[in-house]
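Novice: Please read through the structure below; I'll follow up with questions.
Computed from the coordinates by the stated procedures, all read-outs in this text should not be read as laboratory data. These numbers come from a predicted model, not from an experiment. Here the Cβ is made from the backbone with ideal geometry for all residues, glycine too, and neighbour counts use every protein chain on show.
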């Protein structure tokens, strides 16, 4: 599956954030082919960094169940590649690099 990665602006990212996001890490079902998308971003931004353990750390969902924010830690402290999926349309909206330490 060839997807064109789209880096979201801060404004676009915030449009998918809602108050009281729900942690669904343990119960989430796969709604998109995450790694088909994420692998392209990882290759471009991190040159695959084969020494790194690429994994999903957490999944948060909006209370209305429209969006999922899928957090993948990257090889930089307190930084995540967040892939935003639209559950209803079953597609990837884009991604955002979330730096919590900033």
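Novice: If each DSSP helix of 4+ residues adds -39,500 (n - 2.57) and the sum is divided by the residues in the chain, what number results at 222 nm, nearest 500 deg cm²/dmol?
Specialist: -5000 deg cm²/dmol
Novice: Same structure again: Is the stretch 22-61 rounded, prolate or oblate when judged by the Cα gyration tensor, a ≥ b ≥ c being the square roots of its eigenvalues, rounded requiring a/c under 1.5 and prolate requiring a/b larger than b/c?
Specialist: prolate
Novice: I would also like to ask the following. May I ask for the percentage of alpha-carbon pairs in the stretch 48-102 that lie more than 18 Å from each other?
Specialist: 36
Novice: Just checking my list (i) 14.5; (ii) 13.8; (iii) 15.2 against Kirkwood radius over Cα pairs in Å computed from this structure; which label fits?
Specialist: Structure-derived value, by its label: (ii).
Novice: Where in the stretch 58-102 does the label zone of residue 15 land, with the point 7 angstrom along Cα→C-beta and an amide N cut-off under 13 Å?
Specialist: 93-95
Novice: Can you give the relative contact order of the chain as a percent, counting alpha carbon pairs under 8 Å and 6+ residues apart?
Specialist: For the chain, the relative contact order is 28 percent.
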